[in-house]
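Comments concern the structure below.
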Amino acid sequence: MQSMDMTALSDLPPLCDLDRQDNAPALQARIDRLAAQGGGVLALPPPRQAYRSGPLIWRSGVSLMGLNGVAVLRQAPGSRRPLIDLTGVTGCRFERLALHGLGPAPESWASALWSGGPCGDLVLRDCRISDWARHGLSFDGVDGLDVADCRIEKTHAGGGIVLSRGLQSRNITIRHCRIRRTQFGNIHAWGPVERVLVEGNHLERSGWRGGSYASGDVADNITLYGPAENRDIVIRGNLCAASAENGIHAAARGLVIEGNILRQPALYGIVVSHKPYDRPAPCGQVVVAGNAIFCPDPGDPHSRGIGLRNCQGFSVTGNQIDGAHLGIEVLGMDAPCGAGVIAQNVLTGGGPWALRIRGLTAPLRVVDNLWQMQALCDGDAAGQAMVQAGQNPRA
């Protein structure tokens, strides 16, 4: 990507240092001029307070960075459109920025960065995004997205990062971000995704207005269940805390959920299933390993550690589940389920059942699990007939 020739922009209107004036026209002129020159970097020096801006239509090849520190952009009053519209844009980088919205003001229904259609090759580094009426980041059909070391909080009627609203999104990495106090999920996809890595993030308080699963104010820390087209998702080493529904809800052919810590999920710590629940598409090649799940109340019948619906060829190994009313649940549903294994898990301090097995159509090996519940296994006759049980000592 080209570096910006500062003198080339000297004939454009100056930016206002204070937050009393809408800088959108001057910023837009700079963006358009850089795009006409083949792209470059628009560097914003830190102002005395903040740049105030209405909607900006972004251009391919143009990047926005804070110069010598973090540059602050605030949404202009009365704006109902996204601060930065990335529809159709490719090859851009956003770095060292603070993007602040107007909160839940009725005249604002905007997101910080948004695409209404395909975009790609986007990089976000060291950005602070807060107080947006809708979503923090919202993409549809993005191909190539790398988000790292960003902080997103207080999205009042939306999610932290939305990866798809219906179009296929792919080649996505989200690492070392902190996302909290979102209304409808910290990392979310309504549409299909593939080749996604979510690693080392701190995610907390989804459904943050104080609701719970029982009250209907539900949201997951990570939601990547989508439709059956999901492929190759890795969710690794994240801290997921205080979700109003599930800690992680994901489904894909080729799904790895490993080494995560999940605290106080209102429903499942981890659930693997496409929607709808009553007839989900099958998930294949699923690995759930080395996660630690701490449920708040074993007396709550909604509280579950790990749930799998219609999973083919799955492996659930080496997980620690503490305080769940139901430890691990496997539901076969209608489609044939490939052979699975539940091994070397530790289930402590919980409710009536360590395992629940129903509707299996293929063998399930259950071996070397250490449990402390009232009983090891509950299930229908068909499900239990498929279980190949080894030694599962009670603590």
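The values are calculated or read from the model by the stated rules, or taken from the named source; none is laboratory data. This structure is a prediction, so every number in the text was calculated from the model and none was measured. When we count neighbours, we look across all protein chains shown, and the Cβ atoms used for this are built from the backbone with ideal geometry, even at glycine. Ligands, DNA and RNA are excluded from the accessible area calculation, which covers all protein heavy atoms including side chains. Shrake-Rupley method; radii C 1.70, N 1.55, O 1.52, S 1.80 Å.
A few remarks follow.
- Screening Leu83, Leu73, Leu42 for residues that are under 24 Å from Lys154 (Cα atoms) and out of contact with any Gly (no Cβ under 8 Å at 6 or more places or on another chain) leaves exactly one candidate, Leu73.
- Candidates Asn310, Asn238, Asn221: the one that is without any contact (Cβ under 8 Å) to a residue 40 or more places away in the chain and not aliphatic (A, V, I, L, M) is Asn310.
- Residue that is of a type outside the set (Val, Ile, Thr) and assigned to a strand (DSSP E or B), where the choices are Ala241, Ala228: Ala241
- For the range 263-275, the set of residues classified as surrounded by 24 or more Cβ atoms within 10 Å (Cβ to Cβ) and not in a loop (DSSP other than H, G, I, E, B) consists of Pro265, Tyr268, Gly269, Ile270, Val271, Val272, listed by residue number.
- Checking Phe314 against (1) open to solvent by 30 Å² or more (accessible area, probe 1.4 Å); (2) within 23 Å of Pro282 (Cβ to Cβ); (3) of a type in the set (Phe, Trp, Tyr), the condition it does not meet: (1)
- Every pair of residues 6+ apart whose Cβ atoms lie under 8 Å, when the first sits in the range 349-362 and is on the phi > 0 side of the Ramachandran plot while the second is modelled with pLDDT of 90 or more: Gly349/Asp322; Gly349/Gly323; Gly349/Gln372
Yes or no, residue by residue, for (1) in contact (Cβ under 8 Å) with a residue 24 or more places away in the chain; (2) surrounded by fewer than 19 Cβ atoms within 10 Å (Cβ to Cβ):
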{"site": "Ala29", "(1), (2)": "no, yes"}
{"site": "Gln49", "(1), (2)": "yes, yes"}
{"site": "Arg52", "(1), (2)": "yes, no"}
{"site": "Pro55", "(1), (2)": "yes, yes"}
{"site": "Arg59", "(1), (2)": "yes, no"}
{"site": "Ser63", "(1), (2)": "yes, no"}
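- Qualifying residue in the range 197-214 (condition: closer than 15 Å to Ile248 by Cβ, open to solvent by 10 Å² or more (accessible area, probe 1.4 Å), modelled with pLDDT under 95 and aliphatic (A, V, I, L, M)): no
- Tally of residues being at pLDDT 65 or above and assigned to a helix (DSSP H, G or I) across the range 1-35: 12
- Of the criteria (1) part of a strand (DSSP E or B); (2) surrounded by fewer than 24 Cβ atoms within 10 Å (Cβ to Cβ), which one Asp278 fails: (1)
- Taking the criterion of being surrounded by 17 or more Cβ atoms within 10 Å (Cβ to Cβ) and outside any strand (DSSP E or B), the residues of the range 37-47 that qualify are Gly39, Pro46, Pro47.
- Verdict on Ile306 being open to solvent by less than 10 Å² (accessible area, probe 1.4 Å), closer than 15 Å to Leu262 by Cα and touching an Asp or Glu at 6+ places or on another chain (Cβ under 8 Å): yes
- Scan of the range 244-262 for residues that are open to solvent by 10 Å² or more (accessible area, probe 1.4 Å) and farther than 17 Å from Val287 by Cα, ordered by number: Glu245
- One residue from Arg356, Arg365 being open to solvent by less than 60 Å² (accessible area, probe 1.4 Å) and among the basic types (Lys, Arg): Arg356
- Criterion violated by Gly350 - all others in (1) open to solvent by 10 Å² or more (accessible area, probe 1.4 Å); (2) within 23 Å of Val256 (Cβ to Cβ); (3) assigned to a loop (DSSP other than H, G, I, E, B); (4) not polar (S, T, N, Q) satisfied: (2)
- Qualifying residue in the range 72-81 (condition: among the β-branched types (Val, Ile, Thr), touching a Lys or Arg at 6+ places or on another chain (Cβ under 6 Å), surrounded by fewer than 20 Cβ atoms within 10 Å (Cβ to Cβ) and over 21 Å from Val142 (Cβ atoms)): no
- Arg151 crowded, with 17+ Cβ neighbours inside 10 Å, in contact (Cβ under 8 Å) with a residue 24 or more places away in the chain and among the basic types (Lys, Arg): yes
- Filter result (part of a loop (DSSP other than H, G, I, E, B), open to solvent by 50 Å² or more (accessible area, probe 1.4 Å) and farther than 13 Å from Asp140 by Cα) within the range 155-179: His176
- Some residue of the range 103-110 being crowded, with 19+ Cβ neighbours inside 10 Å, within 24 Å of the chain's Cα centre (by Cα) and at pLDDT 80 or above: yes
- Of all residues making up the range 363-380, the number that are touching a residue at least 24 places away in the same chain (Cβ under 8 Å) and over 13 Å from Asn392 (Cβ atoms): 3
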